[in-house]
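What follows is a single structure, written as structure tokens, with notes after it.
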Amino acid sequence: MTNARTEIGHIALIGNFLPRRCGIATFTAHSYHALRERYPALRVDVYAMDDRPGAYAYPSEVVAAIPQHDRHAYAAAARAIEASGAQAIWVQHEYGIFGGAAGDYLLALLDRTSLPVIVTLHTVLETPSADERRVMERLLRRAARVIVMAERGREMLVRVHGANPRQLSLILHGVPDRPFAPTAGFKARFGWSGRRVVLTFGLLSPGKGIETVIEALPAVAAAHPDMLYVVLGATHPNLVAHEGEAYRERLQALAAARGVGDHVQFVDAFVEQDELLDYLQAADIYATPYVNPAQITSGTLSYAIALGKPVVSTPYVHATEILADGHGVLVDFGDSAAFAREIAALLGSERNRAKLAERAYARGRTMLWSRSAEAVMAELVAAVSARPARLPSAAPAFAPLAPDFAAVERMSDATGMLQHAIYSVPDRRHGYRIDDNARALMLTAKMPGLTEAQRDKWMTVYAAFVQHAWNPDQRRFRNFMRFDRSWCEEVGSEDSNGRALWALGSVAAHAPLHKHRDWATRLFDETAALAFELGSPRAQAFAMLGAAEIQARHPGHALARQILERLSADHAALLAEARRPEWEWFEIVLAYDNARLPEAMIRAGRALGDPALIEQGLATLDWIVACQTSPDGWFRAVGTDSFGRAYAPPLPFDQQPLEAQATIDACAAAHEATGDPRWIEEARRAYRWFLGANDLELALASGADGGCFDGLTPTGLNRNQGAESILALQLASIGIAELCQPLDLGETVRAVA
């Protein structure tokens, strides 16, 4: 294991943790200590799942608690893990400990990290619900390695979920290392001298099947009047919250009704490990009458075997495997008569108990926590080693893609451009929105290579959508339309209204056909006054960009000039209020389409002949470009995880195509204003992001048909190709080609660094 110690120095461990009282917490704590004892140089950061925030005094091993039902906390934990320098994540998975449907909040955490993940599954279901299946299969896709604690679990994952067998490993539940010892000394400690003790341990709940053993006791006590059945464990906290101690009281009443009250002792306590082991070593027989056949693991059964206890158990999955080959006794579920027969037989034969104890103890030697830690470390090494090393490299000299309308046409029908896709296939469930149709209208006005008939057809379709979206009664554009052409709302978002005005200005300035320019100018004149009521800085920026286009086409256009003057003044005021020495920006947070804000200031300044606005636009563009540059020199779009974090540096994921397109357009505006070739280089950097010059070195552009994937996640591409992404690529390709003419981009691109 020398290589393991040198290769893995830091991991994050996610699961319940002591002092929370449950089996997963105990397992996670013991796993932590086993790893740290076996590999003292290893740093293990524990992220504890928290069902009652503020209720637990976690030890120093816990670097953060994750409130179970707070989805934002999972994203925060992902950020902390990424920033910590951890090399891998080890997850203890049980459906009930994570928030969301079937615990799917865990996926939100894992999808926000780029680290390799190994998962230990504490439950594998034979017949999962739809949500349980969805979560498990996404977890299997995300995990580099998956650990099960029973062979049946591995078989079920392959059969039920289609798991890759090479991904799966069997590591038995770890157990403590204690010497085999006679029971007499331990019995004296608990006041059980002279009694033959049958023990069941665990948090008390109906699933433990305690009733089955109590029903067996009259026959056992008749044969062995000195026998004592000890039920050790506090009532499960969830059951206490629901009904208090009513279940324990029902069991006590059952024992009294069967006339064995003197033969049953309930120990209502959550005991620490050393005390638990003492209880186990005082027992002559250990009983696990569980009622769930699918139970994949039982820590209490593992501990009993480790201490050499003869076991009588129902045949749930873990028991059938660990007790196979004569290492214990199995009886049918709910069969009290069989429990009575087998317990009485073992109590009556010291020789048979001793033989069974010897075999159990020998098996327990193979399951020690130290061996479990070594096996887990081997899985961590395999997961980290399988992750491809990323070598620093200069960016290749990419030529811009030729604009290609095929993917836009694929996503469009006679109504307009559909919003979302499943991979490259339009998803009609989500219908249409004016945001995409406005952008498609702008693209079609500028798209080279279209025939006149193509351009006329599609401009008319997208223009008709925008026209129909206008709600004159509300003086606003609608945004979302269902596939059946019914509107989802009477008034769309501020952003969608701003984009509609921008599209109208762009078409009025650039459409090749008079009829489209005339239509756009008329609708802009009818609707643009709504810009004065917009409060969102981005919506205002979109309206300013549209007004700048109108002003360029129709110098002296009064309404366009008023929009530019008033909204640019508002943005200048925002900048003055939010600015800090290290923060040259219009808001105290970063969000989406960031570069549109400085672009709007630059274009407003040029349209109004105001150098101060241009300077403010250039300064803020320079600042956001620096924020969007990775340490390796790549363009790094401000990730969606960054949104809403006051005065905080941007986070890298998820990265979306519209950020690269916005940056190209803003750099084009800066170059037009200054003639500085630096802005051409920054635009090229942003464009190369589409082609693979990014944090994951994966191309988002689908060169075959003009498609574009929806973004970069920490674990790879979001392979859906929605309207926004396709349009961003095509508009970016047009923008970079216009900016770099007459230069040959493929010949002049230099290394990013």
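The values are calculated or read from the model by the stated rules, or taken from the named source; none is laboratory data. This is a predicted model, so every value here is computed, not measured. Here Cβ is always computed from backbone atoms with ideal geometry, including for glycine, and neighbour counts include all displayed protein chains. Note: areas computed on protein heavy atoms with side chains; ligands, DNA, RNA excluded. Shrake-Rupley method; radii C 1.70, N 1.55, O 1.52, S 1.80 Å.
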Please go through segment 278-304 and pick out each residue that is more than 19 Å from ARG195 (Cβ to Cβ) and either hydroxyl-bearing (Ser, Thr, Tyr) or open to solvent by less than 10 Å² (accessible area, probe 1.4 Å) (or both).
-> THR288, PRO289, TYR290, ILE296, THR297, SER298, THR300, LEU301, SER302, TYR303
Candidate set from segment 377-404 (those that are open to solvent by less than 20 Å² (accessible area, probe 1.4 Å) and touching a strand residue (DSSP E or B) at 6+ places or on another chain (Cβ under 7 Å)); member that is modelled with the highest pLDDT = LEU380
Kindly list, by first and then second residue, each pair from a residue in segment 248-276 that is more than 21 Å from MET227 (Cα to Cα) to a residue that is open to solvent by 20 Å² or more (accessible area, probe 1.4 Å), limited to pairs with Cβ atoms under 6 Å and residues at least 6 apart or on different chains.
-> PHE270/ARG21
For residues that are open to solvent by 20 Å² or more (accessible area, probe 1.4 Å), within 16 Å of ALA76 (Cβ to Cβ) and in contact with a Pro (Cβ under 9 Å, 6 or more places away or on another chain), tally how many sit in segment 99-136.
-> 2
Can you spot a residue in segment 241-260 that is of a type outside the set (Asp, Glu) and closer than 22 Å to ARG353 by Cβ?
-> yes
For segment 160-182, which residues satisfy the criterion of being open to solvent by 30 Å² or more (accessible area, probe 1.4 Å), touching a residue at least 12 places away in the same chain (Cβ under 8 Å) and more than 42 Å from the chain's Cα centre (by Cα)?
-> PHE180
Which residue pairs have Cβ atoms under 6 Å apart, sit 6 or more places apart or on different chains, and have a first residue in segment 643-672 that is in contact (Cβ under 8 Å) with a residue 12 or more places away in the chain and open to solvent by 10 Å² or more (accessible area, probe 1.4 Å) and a second that is of a type in the set (Ser, Thr, Tyr) and not in a loop (DSSP other than H, G, I, E, B)?
-> PRO650/SER642; LEU651/SER642; PHE653/THR713; ASP654/THR640; ASP654/THR713
Checked segment 581-638 for anything part of a helix (DSSP H, G or I), without any contact (Cβ under 8 Å) to a residue 24 or more places away in the chain and under 29 Å from ARG112 (Cβ atoms); matches are ALA626
ARG166 of a type in the set (Lys, Arg) and under 23 Å from ASP641 (Cβ atoms) = no
Quick one: what pairs do we get from segment 727-751, first residue under 19 Å from ASP404 (Cα atoms) and open to solvent by less than 10 Å² (accessible area, probe 1.4 Å), second at pLDDT below 50 and in a helix (DSSP H, G or I), C-beta under 8 Å, 6+ apart or different chains?
-> ILE736/LEU745; CYS740/THR748
Going by the structure shown, is ALA699 within 25 Å of ALA440 (Cα to Cα), open to solvent by less than 20 Å² (accessible area, probe 1.4 Å) and not polar (S, T, N, Q)?
-> no
Answer yes or no as to whether ALA723 is of a type in the set (Gly, Ala, Ser), closer than 29 Å to SER642 by Cα and open to solvent by 10 Å² or more (accessible area, probe 1.4 Å).
-> no
Are there any pairs with C-beta distances below 6 angstrom linking a residue in segment 690-712 that is over 20 Å from ASP632 (Cβ atoms) and in contact (Cβ under 8 Å) with a residue 24 or more places away in the chain to a residue that is acidic (Asp, Glu) and open to solvent by 30 Å² or more (accessible area, probe 1.4 Å), with the two at least 6 apart or on different chains, and if so which?
-> GLY706/ASP404
Residue set GLY498, GLY492; condition farther than 17 Å from LEU731 by Cβ, crowded, with 23+ Cβ neighbours inside 10 Å and touching a residue at least 24 places away in the same chain (Cβ under 8 Å); output residue GLY492
Identify all residues within segment 305-327 that are farther than 18 Å from ASP177 by Cβ and open to solvent by less than 20 Å² (accessible area, probe 1.4 Å); write none if there are none.
-> PRO310, VAL311, VAL312, SER313, THR314, TYR316, VAL317, HIS318, ALA319, LEU323
The residue that is farthest from ARG341 (Cα to Cα), considering only those in segment 184-230 that are assigned to a strand (DSSP E or B) and among the aromatic types (Phe, Trp, Tyr), is PHE201
May I ask you to list the residues in segment 432-485 that are in a loop (DSSP other than H, G, I, E, B), open to solvent by less than 40 Å² (accessible area, probe 1.4 Å) and farther than 16 Å from ILE726 by Cβ?
-> ARG478, ASN479
Within segment 339-360, of all residues that are free of Cβ contacts under 8 Å to residues at least 60 places away in the same chain and among the small types (Gly, Ala, Ser), the one nearest to LEU301 (Cα to Cα) is ALA360
Has segment 119-131 got any residue that is of a type in the set (A, V, I, L, M, F, W, C) and in a helix (DSSP H, G or I)?
-> yes
Is there a residue being β-branched (Val, Ile, Thr) and under 16 Å from PHE405 (Cβ atoms) anywhere in segment 418-427?
-> no
Hey, among ASP413, ASP427, which residue is without any contact (Cβ under 8 Å) to a residue 60 or more places away in the chain, closer than 23 Å to HIS468 by Cβ and open to solvent by 40 Å² or more (accessible area, probe 1.4 Å)?
-> ASP413
State whether one or more residues within segment 238-252 are surrounded by fewer than 13 Cβ atoms within 10 Å (Cβ to Cβ) and outside any helix (DSSP H, G or I).
-> yes
